[in-house]
Each structure stands twice: as C-alpha cells, then as structure tokens.
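What follows is a set of notes on a single structure, which appears directly below.
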Amino acid sequence: MNVTLTVNGTEHTLDVPDNTLLVDVLRGQLGLTGTHVGCDTSQCGACVVHLNGDAVKSCTVLAGQADGAAVTTIEGIGSPDDLHPMQAAFRDNHALQCGFCTPGMIMSAIDLVQKSEGLDEQAVREGLEGNLCRCTGYHNIVKAVLAAQQNMAQGGN
Amino acid sequence: MASQNGIGAAVKRKEDARFITGMGRYTDDLGAHGQTYAMFARSPHARAKIVNIDTAAAAATDGVVAVFTGADLKADGIGDLPCGWLVKSKDGSDMIQPPHPPIAVDAVNYVGEPFALVIGETLAAAKNGAEALSVDFEELPAVVDLASAARTAQIHETVPNNQCYDWELGDKAATDAAFEKAHHVTRMDIVNNRLIPNAIEPRAALGEYDAAAGSHTLHTTSQNPHLERLVLAAFVNVAPEAKLRVISPDVGGGFGSKIFVYAEETAVIWAAGKTRRPVKWTAERSESFLADAHGRDHVTHAELALAEDGEFLGLRVQTIANMGAYLSTFASSVPTYLYGTLMAGQYKTPAIYVEVQSLFTNTAPVDAYRGAGRPEATFVVERLVETAAREIGMDATDLRRRNFIQPTDFPYETPVALTYDTGDYEASLDKALAHVHYAAFAQRRDASEAAGKKRGIGFSCYIEACGLAPSQVAISLGAGVGLFEVGEVRVDVTGSVTVVTGSHSHGQSHETTFAQIISEKLGVPFENVTVLHGDTGRSDYALGTYGSRSLAVGGSAIVKATDKIIAKGKKIAAYMLDANADDVEFEDGSFNVTDSNQSLTFAEVAFAAYVPAKYPLDELEPGLSEKAFYDPPNFTYPAGAHVCEVEVDPETGVVEVVQFVAVDDFGNIVNPMVVEGQVHGGLAQGIGQALLEHGVYDDTGQLLSGSYMDYTMPRADDLPSFTVDTTTTPCTHNPLGVKGCGEAGAIGSTAAVINAVTDALGVASIAMPATPETVWRTARGE
Amino acid sequence: MYAFNYHKPASLEEAAELMANADDGAYLSGGMTLIPTLKQRLASPSDVIDLSGIEGLSGLSLDGNRLHVGAMTRHADVAASTAIPALADLAGRIGDAHVRNRGTLGGSIANSDPAADYPAAVAALDATVHTNKRSIAGGEFFTGLFETALAEGEIVKSVDFCVPDSAAYEKFPNPASRYAVVGVMVARCADAVCVGVTGAGACAFRATALEEALSADFTPGATDGVAIDDGDFNADLHASAEYRAHLVAVLTKRAVARLI
Ligand SMILES: Cc1cc2nc3c(=O)[nH]c(=O)nc-3n(C[C@H](O)[C@H](O)[C@H](O)COP(=O)(O)OP(=O)(O)OC[C@H]3O[C@@H](n4cnc5c(N)ncnc54)[C@H](O)[C@@H]3O)c2cc1C
Ligand code: FES
Ligand code: FES
C-alpha cells in the first residue's frame, strides 16, 4: 500500500505492507532512529511523535492511519546548533541520563506545554504519565519542563 | 588551573547534544547490509523436559533462513554460560553450578527460557518460523516458593535440595554470646521483593561475521563489553578472543541487568558465524520481563541484640536467596560478598553472624540489580534498627547516634570483613534532619490526622561498599576476574586529548566527567577532550561499569595516566628549555621552569612529542600517550542518611511520599549536577521497590507481572521532587578522593520508605511493596 | 503483527460491506486497544477496517438534555468538552495524553474492557448507544467480560448521554496500567440517583443498593451500611474482590461528597 507522509516538513510517498506501524516507517524506512521503541504494550512513550500536532505513540499508529498526515519527530524540532527550548531545557537541567526515553519525553513535554497554560509541578507530573524514564527519577525532567514552559511562553516555539 | 570545567563544576553534559536531538546510536539503530532477524522460541512452562523439537515446519516457513536448537549449539562446541564467582559453603565445599546451556537442550527451567532460535529474512518470518516449531514438552511440577524450595522437587540433577551453597560470615560463637547478655532482642522476618530491572532500552544484539578475516563483531547493549568478549571467547567458545570484537554503542540504561552474558547475545553472534549473515535481535519488552536477570528476592530472619542503653551487642541474620533457575554471571556473589559484608552498616555492632543459603527455583535467574546485595543488607539493618528503637521506646535517630562509628574510629574494621576508611555519619544525619524539619514533624502529623490521613517518618542510614576491590582479595574469595580498570590518555598532536576508558557509560556521563578530570589535571579545555568507551577494539581489557565503580576505579586509572603524561611532559619541556627536569613544574596547563620565566604550553610540548625536532630521542620515546591500570587497594564506602515522610490514606491504603531527603557522602565530587541526577534515579528505584514494583510468579511459575500492564514502574506522578544534599569525607585511598554515587539512592531509600509507612500505620511491619491493598489490610489489622 | 489488509472506507455502508466480505474483519477506531493486541499477535484479523475516513462519526452536540457524542470522538475532545463536566473529567483520566489523542468512545465501549472508564458513564447517565442498525439502551449494552450487545459487524455510530443535574466520577487507577481498578460515577437526574460502576465486575453495572440508599438520603454517610456483594467481582495482582467492593463504597462516598 502507498502512504504519503510529511515528516519534519518533507513529503514522502512510501510503499509499505498494510500492517506497518508508523514507528517502523520512521525508524526503518526513513532512518529517523531518534524515535525509540521501549515496550510492546503501548505504555512507555519512548516512541512519541507529533501527528498533525498531537503527541501520539508512533508504535500504536498504523502507517495507513497516518496517510496524508504531518509527522514531527525529535529530529524535526531542533538541531544541536539550534535547539528547541524544550531540548535546551533538558540539557540545562540534566533531565536525561541514558537518553533512551528522552526523544519521547521531549515530544510529550512540548505537546503538554503547548496545550496548557500555567502548568505547576503536579500538572507536569500528571501530564507525563505516559512516558517512562528509569534513569532520572523524573525530578530533573519536571524541572526542565517547567523551565521550558517559561522560555516557550517568552517567544520560543 | 582549576578550570571552570574542571573537578567540582556542574558542567553540562557532552553526550546530551546527540541524545536530545535524536542522534544517539543505540544497538537497535544499527543495521548491516543483508541482515537477518532472530526470534527466540521460549518455554511456556516453568519446568519441563524437552522430549522432542520438530523444526521441519519452521525451517520450511517462508523467509526462514535457519532454525537452531540447543542441540545445534552444543554440537558446535558452544559451552555453558558460566558464573564468575565461586562461593564456598560453610563446610568448605564449592557451590554447585548446574549446567546452563545458552539455548536449552534437554529441559527448560523457567518460563521464557529460550529453547530454539529462528533466523528470518524479516522479523515477521522469524516469528512465523518460531510459531511453527512443534515441541513435545513433558511438564514437571515447578518449584516457585522460595521459602520451601529446599524441601520440594529437585530441579537440577546435580543440585540436591536445590541448594547452590550455604554460606556464612562472621563469628557465630561471639554473636551467640552477645545475644545471651542482651537486655532486649528485636526479631524480624523480612521478605525482600523480587524486582525486574526494566532499563527502558531493551537488550539488543547485532552479530556480524567477516568470513575473510574469520572474525566476529558483536554490537550489543552491554555494560562491560570486555567481559562479554572474555566469556564468549574463553568459556562459551564462540570465537577466539582475538577474533571477537564487542562494541557497546549508546546504551539505554542498565542498572546491572546489562552486565551479564546472556543466551540471546551469545546465540546471535554464534548464528552470525553459522549463517554467514548479520543477525539482529532486539528484545520485545515482554521478553525483557521474562529473560533479563531479575533482582533481590530474599527471605530473611534477623535479630538484633541490644544492651539496656540501646548499645548494639550483636546481629544475627539468616537469609534464603533466590538464584532463579540457573546461575547468572555474578549471581552467587550478590547475596554473599555484596550482602553479608554490609551488615555492620554504620554501627559499631561488635558481633555479627550471617548465614545465606542460595536456592534454585523455576524462575528467571536473579543477579545484580542497582545496589546488588547492599540494598538488601541495608533493608535488614535499617528495618531492625528502626524497629528496635520503637520497641525500646527510643527516638530512632538517637538510637542510631548511640551506635554510629565515630569519625575518630577510622579506619574501622567491621566484624564482617570490611575496613571502612573514612566517614562522618552523624554529619549526614544532622543535615538530613535539618532539611526534613524533623522538629516540626509532630505538628505535621497532627495536621494530617485532622484531615483523616496518617503521617509517618522513617530513616535509613546506609553504608555501601563500591568499586569492588582489591583484585587479589576478591580472587581469593572466589572472583573469577580481576577488578582493576584501565584508562588511556592520548594527547593529540595539537594538544587536544582523547581518553579511552574501559568503563562504560549507559547514562552515567563518562564523556563529561572524565573530560572534566582531564581538563583539571592537564589544563586542556574541556571542549578539546573526547572520551571513548565501550569497544574492545579500542581499549585494553577492563571490567566495565557496575557497582558504582566508574569514577573511583576508572577515573583513578585516568588520573594515573595523566600523571605519567605530566611526568613525560616535564622531561620533554626540560629538554626543550635546557633545564633540569626536576626544576619543571606543571601548573595551569603549562610547564614552567622554577625561578625563571621560561615556560611551554601543554600544546607546545605535545607538538614537540610528535614532531620531535628538539627532543631527547635517545632517552625518550616520541609521542605523548599513556595508559594506566588501576587496582584499588580497598572498596570505597559511600554512606548517608535518607529520610522519608509519607502520608497514608487509611481508607484506600494509598501512600503518598510527601518528602524525601537524601544526604550522602560520596567523598569528593567531580560534577554535582551528575551526582544529583544519579541519586534521583536511585531514589526512584528504591521508592519503587518499597511501594510499587513486584515481580510475581504464580504457583505454576507463570510470570504474572510480565508487562507494564501489571508491573508497576514508577511514573512521574508517583514521586515527589527530592531534596538531595551531600557531606564530604574524601576517600583516603584513591587519587580523586571519590567514592561512587551510582547506587546509593537505591540502597538507602527503600528502608526509609517502609520505616515511614510502618510509622504512619503504627505497625511493626508490612509486606513490600506496600501497595494500596496491602496498606489497607495492614491498617485494618490484618 | 500478522499480515492483514488495511481499508479506510468512506461510508458506514462501505465499512459494513468490507466487514461482511472479510474472512475475519476488525474495525479500527483509535487503535489504542486493537493495535497493541495485533502487535503482540494476540489477534489475527484478515482485514482491518479503519473507521476514521467516515464523515460524521465524531464530535459532540447538545440536544435538550441529551449529549450526543460521535463514536469516533477522541477521549481528548470529550475531556475538553463542557456539557457534562463529569464526563469530561472521566475522559481526561483515561490512559495518558497520547492515548487520549487517539482513543475513541466507540472503540472503548465496543471493547467492553472491565477496567475501562467510559462504561461507568454509560451505566450512570442513562445512555443510548446508536449503531448502524439500531439503538441499544445503555443498561443493555454491556453483557459480560469484553462482551457487548453488538451483533457481528455492527458499528457503534454514537452514544447519547443524559445531561445530569450533577454528576461526579471517582477513579481508583491500577497502579501499573492506570486503567480503573474501580471507577464510580454518581449522577443525579431529576429525582433519580444513578451509580455506575466499572472495574469491579465483569462489565459495568449500576449499583442499585447504593442508589436506593442515596435516593433516600444523598449524603456521604448514607452508603455506610450498604452491603456490596463482591461474589463475582474481579480479582487480580493489584486488588482482591473484597478490596474492590470496599473501593466501590469509598469512591461512591467521595463522589457524593463532591456533589453536596
Ligand atoms: C497505555 C494505554 C492506557 C489506557 N488506559 C485506559 C484507561 O485508563 N481507561 C480506559 O478506559 N481505557 C484505557 N485505554 C484504552 C483506550 O481508552 C482505548 O482507546 C479504548 O479502549 C479503545 O478505543 P479505540 O478507539 O482506541 O479502539 P480500537 O482499539 O480501534 O478498537 C477497540 C475494539 O473495538 C472495536 N471497535 C472500534 N470502534 C468500533 C465501532 N465504532 N463500532 C464497533 N466496534 C468498534 C474494534 O474492532 C476493537 O475490537 C488505554 C490504552 C492504552 C494503550
Ligand atoms: S514503544 Fe512503548 S509506548 Fe510506544
Ligand atoms: S534517561 Fe534513561 S530512561 Fe530516561
């Protein structure tokens, strides 16, 4: 089956088997390996990307369901020289250790901050319910999201 | 120059640039031309004989490249997976190590044990092939309950009573005598719950075989690629050591579970040689649950003898430790040398006797998981101490102070084989109490009470032994490997530096902290230092990362290498400046001749070493690259005070951790930001053990908590923000004065949480994890 | 995942026809239940029929005191709605943000997971489930563990709920999965008090004994003496039947407390 996806601003038309997951298209066919897979029950959030502006688990979306959609992955939000404020906040607050949960965590956090105002610590913790991190104890992730909220409000993305 | 990115600075991490932009390279991100995919067929039974495996239909499945059973590996000379530490029983006999073929041959002994391997052109083909295998199992009754495991069916032919060993430590007679004169004895039965490690990156492997060179390359998620290589070469016979390269690229967390040499990685690299095709395997999370080595799982009876004034007189501990179905790589050492030796805790208990019986059960192998033995020991000691205080009506912190080893007592020899070099336990406790506002706790408790909640506070003053050492002592106690670390400092021609370390970072930030050491010692700008790790093709043989050893052992090796660089640099500089080498000092990144204004920069000396125009070639080799091995003379002893405050909703049993304070003494600190992060992560795991996490098998040996649907991982909203602080007594015997911080959070916290919950409920004990239903029932007096 | 054919029909008729012609078809809405099942090879449909291309299946509209919610309305959209705050609150507590961005009302009730949240609202808010064939009273929709009154191939089009005078949803999440160990919705419509319970039994039900007690005396204390029969309640690693029964009482009491 053919699907057309606009990934990080570039349109791709790809021929994929009907049972292909979006995450496999991203990682396998497009080589965007920043999106990770950490579970098989749709719970860890390592695979989170934005689909038409919403954070979704790319391991639980079929390529066909995403046909015609715009997808943004961790590779599409900033680069080492031009970080998204959320990426910068993660670095500045040491919100990552092994880095495996980080892309999904950042994509979730951006969606969370973009869709809510005046998040406090508790709201951030609840908002990140769908993302597991085994390294950081979440302490610095929460700090980073709160810091990024400020920066994003002040004109960043 | 204590450079601004030197030791002690909260430098932002080098590794982050790639991780926050999605440019990390983890094993599953790699691929090789023509790669195939492996799928393991796993036992659905906890215990069964394999009567027959019919592979015909699997082999005939579309897209299947090959099907291998345990018999195929065995026929090819592939050996058993060994255990690296030989523990001896009380009677002097060696522990019994049952055969552990990577792929089961005659019998399966836990649910999830692989019994065949299917290689497919695609993952789907491999899965289809695995499903097409037809296996005739003869099911046998499973041994699951640990407490009774010595008295039920025998799992392995060679292991009577399912007993691996029956070990002891300490002076039994002296301890018995201490109990005889006790004024009070506190007795407890303690179950330390089984945990499943759950690094968020599942294990993975990509095996490749170069037929022309006859060499194998294995990319895998290992914490210690050299160990993997050694075991695969020397014990498992996959390939000669020289023909096997093991590379751990970016690794997404380990917590111990990625130390071990497992069936899957072994089979993948072997199969790559057999099929002459690259073979890739990535665990699905359900496989991680079933087949990663689990942690903890002890049943213990412990007793503490006290004098009338609260002085500890003696401690007696009897533990049954679960090994699971086979001995994993370091399983035997965890409940013995990493557990029994820690029973003195921070106290001057004069007589201690520990007995540990390790038993096999039909469950996944159990091995080191963050803290490895030390959390279990801390849990025993700190639960006993807190309970004793309540029983004799003394404040729990006062009882601890009454018994602390004092700063003047160091070096302090414990009755359980360790010599603590330094510490100030009261300083940490004082600081923790100040942070937690202990004096105002009673008021907070009243406020909770008024709101229908129960508030409790609990303490845990833990000690740990890190950087397992020295090699000769460990080897005399049964270790099969040396415990040193290697560090290589290669000064580049232009004066930048490449460091190669044998330790490995899977979250610990080596690329940053090791660069800070170089920057501090050599005055080289932090940006100009690159740290390489995780590749047997790059570094000398070393032990990798476990047991909070990277900085204390790996960092020390690097310091030793920098000392050699400086010594050589001085000679070069002296020659270039026509001075006496003894008159050259190295400071702030330059070589200066004392009492003169002559000096050369580090870069100038480096350049001269590689372009030896004016250079004493007849006395000195060109180049500026040095390597050092460091074998520590002793463990390091991080210690600290953890305080937990909880609020319990007695109606539902929900426990909320409202405050958690950790004050730790890690000796000197290279990067406080990184250290705090390590503590946070450990605390989450320790709190997780106390309240959430539980690996549960049913009576037939089926894993009930086999996915994130049932195994409770700590999530952001389960935890509070933590208060983390430090005190400092530098380690006395390594050049950095550092102790290690990777496990402390997981070691100290669990007891503090349970002490707080039992305080809130006013009960002597509660089962772990203290889940809502457990708490609800306990609150009702059940 | 096993192989299957993926379809995205543009109409209900086309969807039903694809289903009728499939060996073993499955409708796909948000996929938050179906796709994990497929990934683990726990189901092997020959055809997956995605309902997302069909116009008119999503959105909320108010009609007198009935709130009409299209089957394809995502949890996130219900969570953001205002007509029935308790329903919005319930939807906002389903899974996590990512699940709420994909999962739908229709998929949730068609699945009839005993631990799902929506069924509590279907039970408590006098709901009617509209399908491509008929309308089914909320009280008759859930028939057992993962079972509903839906016939083979029948498609949920929408659900309408009574807009209550007041209502509150209390959820005790499973610590691991975050589904409902027990969820209770208490609603007052005119004189009636409805208590919809999910998580406790094989499927959602109305707790009539609690309703009677609360009809007589709408105070948190009114439920104190009410016996809750846990005879066929669920039991698992995280909660015994007895504990679930206890939670039904506690959550009901807390919901009532929020309403007075
Ligand atoms: C991590 C995670 C956490 C979750 N937590 C919760 C939770 O806390 N509470 C909760 O209630 N749920 C939870 N869910 C389930 C979630 O709410 C699902 O979205 C929901 O159960 C199914 O809706 P769906 O639209 O995704 O359906 P799908 O997965 O697409 O379909 C589910 C089933 O319904 C059938 N179906 C779908 N649409 C229709 C229709 N219109 N007519 C007839 N049959 C149809 C499908 O064939 C399939 O059998 C969770 C899911 C995940 C992955
Ligand atoms: S990979 Fe775990 S939720 Fe997608
Ligand atoms: S940083 Fe390792 S899992 Fe989050």
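Quick look at the values:
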{"read-out": "Meets criteria (at pLDDT 95 or above, under 21 Å from B:V159 (Cβ atoms) and either crowded, with 19+ Cβ neighbours inside 10 Å or away from every other protein chain (no Cβ under 14 Å) (or both)) for B:D94", "value": "yes"}
{"read-out": "Residue list for the stretch B:749-782, filter: modelled with pLDDT under 95, within 14 Å of another protein chain (Cβ to nearest Cβ) and farther than 19 Å from C:R244 by Cβ", "value": "none"}
{"read-out": "Some residue of the stretch B:232-255 being buried (at least 24 other Cβ atoms within 10 Å of the Cβ), in the same structural domain as B:E113 (by TED's automatic domain parsing) and in a helix (DSSP H, G or I)", "value": "yes"}
{"read-out": "Residue within the stretch C:62-71 that is aliphatic (A, V, I, L, M) and within 8 Å of ligand 1 (Cβ to nearest atom) present", "value": "yes"}
{"read-out": "Matching residues in the stretch A:1-54 - criterion: being within 16 Å of ligand 2 (Cβ to nearest atom), over 17 Å from B:E201 (Cα atoms) and aliphatic (A, V, I, L, M)", "value": "A:L21, A:L22, A:V25, A:L26, A:V49, A:L51"}
{"read-out": "Residue in the stretch B:291-337 that is surrounded by the most Cβ atoms within 10 Å (Cβ to Cβ), counting only those that are outside any strand (DSSP E or B) and hydrophobic (A, V, I, L, M, F, W, C)", "value": "B:A325"}
{"read-out": "Odd one out for A:C101, checked against (1) within 16 Å of ligand 2 (Cβ to nearest atom); (2) hydrophobic (A, V, I, L, M, F, W, C); (3) more than 21 Å from B:R715 (Cα to Cα)", "value": "(3)"}
{"read-out": "Selected residue [within 16 Å of ligand 1 (Cβ to nearest atom) and more than 14 Å from chain B (Cβ to nearest Cβ)] from A:V3, A:V49, A:V56", "value": "A:V56"}
{"read-out": "Residue under evaluation C:T73, criteria (1) away from chain A (no Cβ under 12 Å); (2) without any contact (Cβ under 8 Å) to a residue 24 or more places away in the chain; (3) polar (S, T, N, Q), criterion not met", "value": "(2)"}
{"read-out": "The stretch B:185-198 residues that are within 14 Å of chain A (Cβ to nearest Cβ), paired with ones that are surrounded by fewer than 23 Cβ atoms within 10 Å (Cβ to Cβ) and polar (S, T, N, Q) (beta carbon under 9 Å, 6 or more apart)", "value": "B:I196/B:S705"}
{"read-out": "Per-region count, the stretch B:73-89, residues touching a residue at least 60 places away in the same chain (Cβ under 8 Å) and in a helix (DSSP H, G or I)", "value": "1"}
{"read-out": "All positions within the stretch C:169-192 that are surrounded by fewer than 24 Cβ atoms within 10 Å (Cβ to Cβ) and more than 14 Å from chain B (Cβ to nearest Cβ)", "value": "C:R188, C:C189, C:A190, C:D191, C:A192"}
{"read-out": "A:V71, sole failed condition from (1) of a type outside the set (G, A, S); (2) more than 7 Å from chain B (Cβ to nearest Cβ); (3) assigned to a loop (DSSP other than H, G, I, E, B)", "value": "(3)"}
{"read-out": "Answer residue from the stretch A:119-132, given it is in a loop (DSSP other than H, G, I, E, B) and within 16 Å of ligand 1 (Cβ to nearest atom) and is farthest from the other protein chains (Cβ to nearest Cβ) among those", "value": "A:N131"}
{"read-out": "3 or more residues under 41 Å from the mean Cα position of the chain (by Cα): qualifying strands (runs of 3 or more DSSP E) within the stretch B:554-606", "value": "B:584-587"}
{"read-out": "All positions within the stretch A:21-47 that are polar (S, T, N, Q) and in contact with a strand residue (DSSP E or B) (Cβ under 7 Å, 6 or more places away or on another chain)", "value": "A:Q29, A:T35, A:S42"}
{"read-out": "Unique match (being away from ligand 1 (no atom under 12 Å from the Cβ) and either part of a helix (DSSP H, G or I) or away from every other protein chain (no Cβ under 14 Å) (or both)) among C:G139, C:G106", "value": "C:G139"}
{"read-out": "Condition broken by C:A80, with the remaining ones in (1) within 13 Å of ligand 1 (Cβ to nearest atom); (2) within 11 Å of chain A (Cβ to nearest Cβ) satisfied", "value": "(1)"}
{"read-out": "Positions within the stretch B:200-221 being part of a strand (DSSP E or B), under 25 Å from the mean Cα position of the chain (by Cα) and not aliphatic (A, V, I, L, M), in sequence order", "value": "B:H219, B:T220"}
{"read-out": "Some residue of the stretch B:503-512 being touching a Phe, Trp or Tyr at 6+ places or on another chain (Cβ under 9 Å), outside any strand (DSSP E or B) and within 30 Å of B:D171 (Cβ to Cβ)", "value": "no"}
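Matching residues to (1) crowded, with 24+ Cβ neighbours inside 10 Å; (2) closer than 24 Å to B:F660 by Cα:
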residue	(1), (2)
A:Q97	yes, yes
A:F100	yes, no
A:G104	yes, no
A:S108	yes, no
A:D111	no, no
A:R125	no, yes
A:N140	yes, yes
A:A144	yes, yes
A:A153	no, no
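The values are calculated or read from the model by the stated rules, or taken from the named source; none is laboratory data. Just so it is clear, the model here is predicted, and its values are computed rather than measured. Glycine also receives a Cβ, built like all others from the backbone with ideal geometry; neighbour counts cover every protein chain displayed.
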